[in-house]
Amino acid sequence: MASPLHLPGVLSAEQLHRSADYLARAQEEDGVIPWFPGGHADVWDHVECAMALTVTGVLDPGHAEAARRAYLWLDGSRHPEGGWYAKYRQGAPVTVLREANHAAYPAVGLLHHLLTTGDTAFAERLWPVAESGLEFVLGLRGEHGEILWARSEDGSPGDHALLTVCASVHHALRCGAALGTRLGRERPEWVKAADRLAELITHEEGLFSDRSRFSMDWFYPVLGGVLRDDAARARVAERWDAFVVPGLGVRCVSDQPWVTAAESSELVMALAALGETERGTRVLRDVQHLRDPDDGVYWTGYQFAEQVRWPVERSTWTSAAVVLAVDALTGTTPGSRVFLHTWD
């Protein structure tokens, strides 16, 4: 029998299960998982929640079924011209904007699901979701091979590329290619596009819109697998003091006294990929002040100058990020290899 997910000295298996329960409770009848019960949803965060439920679903059939329903919702809600709408409420779109990172991320989730469950038949069934999402993304390539951030309401591509988005798309292209290989559907063009994104992120960072005040632009090249080993360690060290607040977690932006559990957890996953589990465990321990002791749900963030939780919400994807960070640190499920970049 599989071992229960836990992080000794930080989070027990029961605590993590309670956190994931929140995601299942928030899930709507059609399978979509909103930011909080009754709130809006977006595909990227929806997939993150599905991955967390897949992890805890190893030992909980209810969570496993919730994850499957979440992926099936993706299939039923696809835009006929590729991608997904950027925002949904009660399952209905509230904008016609379609974002690149949303369209790409299902490929990460579906490889994660296959690695965790071994369910090849489900992966075959959902392959068109990954394929159409990534083909939509490649349709947003700029002249250098960068991915423009979205397709606007009139159908035109965005006028700029974002480093965080392109790092996430890089990850998704490699996951999609790996998923295709497992299903006998080789996609060398996806690997080539990922290689080009890696070159641009590594050597042409000035090509991207300047969002360097955001911590995600700092660590996403590591989280997305663009930078590895010494190059990744150098990038982490470069701005560690600008973003990491000892005892509290990771800032969302460098110039605001605001830490979030999601950014903290994603940095932990990046550290896990570098084998820095001790430091990652310390960061994850620091952010436990955002855990609601009553039900194990995580508040989104904390404004430490005012000493208040902000925003006053408990986002599903925040609890999901914590679950995935623990799995990355411990390697409990095979799906953790998606964030450790060791699926080959």
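The values are calculated or read from the model by the stated rules, or taken from the named source; none is laboratory data. Note that this is a predicted model, so its numbers are computed, not measured. When we count neighbours, we look across all protein chains shown, and the Cβ atoms used for this are built from the backbone with ideal geometry, even at glycine.
Restricting Arg211, Arg185 to residues that are modelled with pLDDT of 95 or more, farther than 21 Å from Gly109 by Cβ and either buried (at least 18 other Cβ atoms within 10 Å of the Cβ) or out of contact with any Cys (no Cβ under 6 Å at 6 or more places or on another chain) (or both) narrows the list to Arg211. Selection of first residues in the range 160-172 that are touching a residue at least 40 places away in the same chain (Cβ under 8 Å) and of second residues that are in a helix (DSSP H, G or I) and of a type in the set (S, T, N, Q), restricted to Cβ pairs under 9 Å at least 6 apart or on distinct chains, gives the following pairs, ordered by first then second residue: Leu162/Asn101; Thr164/Asn101; Val165/Asn101; Cys166/Asn101; Ser168/Asn101; Val169/Asn101; Ala172/Asn101.
Here is a yes/no grid of residues against (1) surrounded by fewer than 22 Cβ atoms within 10 Å (Cβ to Cβ); (2) free of Cβ contacts under 8 Å to residues at least 24 places away in the same chain; (3) more than 18 Å from the chain's Cα centre (by Cα); (4) not in a loop (DSSP other than H, G, I, E, B):
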site	(1), (2), (3), (4)
Arg18	yes, no, yes, yes
Leu23	no, no, no, yes
Ile33	no, no, no, no
Asp45	no, no, no, yes
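Among the numbered conditions (1) part of a helix (DSSP H, G or I); (2) of a type in the set (Gly, Ala, Ser); (3) under 29 Å from Lys87 (Cα atoms), the only one that Gly155 does not meet is (1). Sub-6 Å Cβ pairs linking a first residue in the range 130-149 that is farther than 27 Å from Leu72 by Cα and in contact (Cβ under 8 Å) with a residue 60 or more places away in the chain to a second residue that is among the hydrophobic types (A, V, I, L, M, F, W, C) and outside any helix (DSSP H, G or I), at least 6 apart or interchain, are Glu146/Ala161, ordered by first then second residue.
Out of curiosity, is Val222 within 16 Å of Ile201 (Cβ to Cβ) and β-branched (Val, Ile, Thr)? So Val222 fits the description; yes.
Against the numbered list (1) exposed (fewer than 15 other Cβ atoms within 10 Å of the Cβ); (2) farther than 29 Å from Ala66 by Cα; (3) of a type in the set (Gly, Ala, Ser), Ala161 comes up short only at (1).
Mind telling me which of the residues Val169, Val191 ends up being surrounded by fewer than 22 Cβ atoms within 10 Å (Cβ to Cβ), in a helix (DSSP H, G or I) and touching a helix residue (DSSP H, G or I) at 6+ places or on another chain (Cβ under 7 Å)?
One residue alone meets the criteria, Val191.
Name the helices (runs of 4 or more DSSP H) wholly inside the range 227-327 in which the number of residues that are surrounded by fewer than 18 Cβ atoms within 10 Å (Cβ to Cβ) is 3 or more.
On the way: elements: 229-238, 240-243, 261-273, 277-286.
Correct list: 229-238, 240-243, 277-286.
Going residue by residue through the range 75-93, is there one that turns out to be out of contact with any helix residue (DSSP H, G or I) (no Cβ under 7 Å at 6 or more places or on another chain), over 22 Å from Leu183 (Cα atoms), surrounded by 21 or more Cβ atoms within 10 Å (Cβ to Cβ) and in contact (Cβ under 8 Å) with a residue 24 or more places away in the chain? Yes - at least one qualifying residue is present in the range 75-93.
Annotation note: Cβ proximity below 6 Å between a residue of the range 325-344 that is within 15 Å of Ala270 (Cα to Cα) and a residue that is in a helix (DSSP H, G or I) and acidic (Asp, Glu) (sequence gap 6+ or interchain) occurs for Ser336/Asp327.
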